[in-house]
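**Student:** Take a look at the following structure, please.
Rule-based calculations on the coordinates, nothing more; no lab input. Quantities reported herein were computed from a predicted structural model and do not represent experimental measurements. All Cβ positions, glycine included, derive from the backbone under ideal geometry; neighbour counts span all protein chains shown.
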Amino acid sequence: MSKNPPEVKYFEPPVYIAEADIKARVRELAQKINAEYGMQEITAICTLKGGIVFFTDLLRHLKMPVVCEFLGVSSYGNHTESTGEVKVTLDLNEPLIGRHVLVVEDIVDTGLTLSYLQDYLKMKKPASVKTAALLFKPEALKTPDLKIDYIGFEIPNRFVVGYGLDYAEKFRGLPYIGTLE
Ligand code: 5GP
């Protein structure tokens, strides 16, 4: 290997929500969740793949015992628009009967994915299901009855990447939320 590998320049999307603002907001959400659940054990479900970064950051501020579960979901569509058809690509490991479930979502756009997930999880007879979403685009919502218990940021209807969110599998590792538009 050469001593000085060539410098690779990646495209860096402009910052839409800065790293420090996300950190502060995630901490606030965790405080709310801690206050509401107390020391009640919960099952936190990370929705893959976009929820990974939010999930692990949130988890580090939760005080109660947390069973971590992972649920792979993919919504059909092109890279920037979902169609509302949802497929479970990786299922849960543990039963949810009688459990207090917290779904941890990256972003709610049309709401179709979360709406599908909430119905899917309720069929597993948990004691309760609540949802935390880092980002919410109210203008894009097609499911007016959807309940989101903890929302990080409401954003306009534009395509964002970073902090777990991708564009064609890129940008998930950005420490901030950026926009491609
Ligand atoms: P829904 O429209 O069902 O609420 O959102 C479906 C999924 O589309 C989200 O979980 C997320 O993976 C993806 N999505 C929606 N809006 C955006 C966005 O602005 N950026 C990225 N990267 N993904 C999005």
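**Student:** Just in region 7-48: which GluC sites (Glu not before Pro) are loop by DSSP and have at most 15 other Cβ atoms within 10 Å?
**Tutor:** Answer by residue number: 7, 41.
**Student:** Let me ask something else about it. Compute the separation of the alpha-carbon centres of region 104-122 and region 11-78 and state it in Å as a whole number.
**Tutor:** The two parts, judged by their Cα centres, are 14 Å apart.
**Student:** Moving on. What would the Debye equation give as log₁₀ I(q)/I(0) for the chain at q = 0.19 Å⁻¹, counting only Cα atoms as equal point scatterers?
**Tutor:** So the normalised log intensities are -1.35.
**Student:** I want the antiparallel fraction of DSSP beta bridges within the chain, as a percent rounded to 5.
**Tutor:** The answer is about 30 percent antiparallel.
**Student:** Total Lys pairs in region 92-181 closer than 22 Å by alpha-carbon, pairs eight or more apart in sequence or interchain only?
**Tutor:** 9
**Student:** If you place +1 on the Cβ of every Lys and Arg, -1 on the Cβ of every Asp and Glu, and leave all else neutral, what size is the dipole of the chain about its Cα centre, to the nearest 20 Debye?
**Tutor:** In debye, rounded to 20, the chain gives about 360.
**Student:** Something else about it: Mind checking the angle between helix 112-122 and the chain's longest principal axis? C-alpha axes, 0 to 90 degrees, to the nearest 10.
**Tutor:** For 112-122 against the chain, the angle is about 40 degrees.
**Student:** Springs between alpha-carbon pairs under 10 angstrom, Gaussian network model over the chain: which of 164, 98, 152 fluctuates most?
**Tutor:** 98
**Student:** Which residue fluctuates the most in the chain, going by a Gaussian network model with Cα springs under 10 Å, if the choices are 141, 165, 58?
**Tutor:** 141
**Student:** List the relative contact order of the chain as a percent without decimals, with contacts defined as Cα pairs under 8 Å and 6+ residues apart.
**Tutor:** 23
**Student:** Relative to the longest principal axis of the chain, what angle (0 to 90°, nearest 10) does the C-alpha long axis of helix 19-37 take?
**Tutor:** 10
**Student:** For the chain, what does the helix formula give at 222 nm: sum of -39500 (n - 2.57) over DSSP H segments with n ≥ 4, over the residue count, nearest 500 deg cm²/dmol?
**Tutor:** Mean residue ellipticity, 222 nm, calculated: -6500 deg cm²/dmol.
**Student:** Which net charge results for the neighbourhood of residue 99, defined as the other residues with beta-carbon distances under 13 angstrom from its beta-carbon, given Lys and Arg at +1 and Asp and Glu at -1?
**Tutor:** +1
**Student:** Using only Cα atoms, figure out Rg for region 1-69 and give it as a multiple of 2.2 N^0.38 Å.
**Tutor:** 1.59
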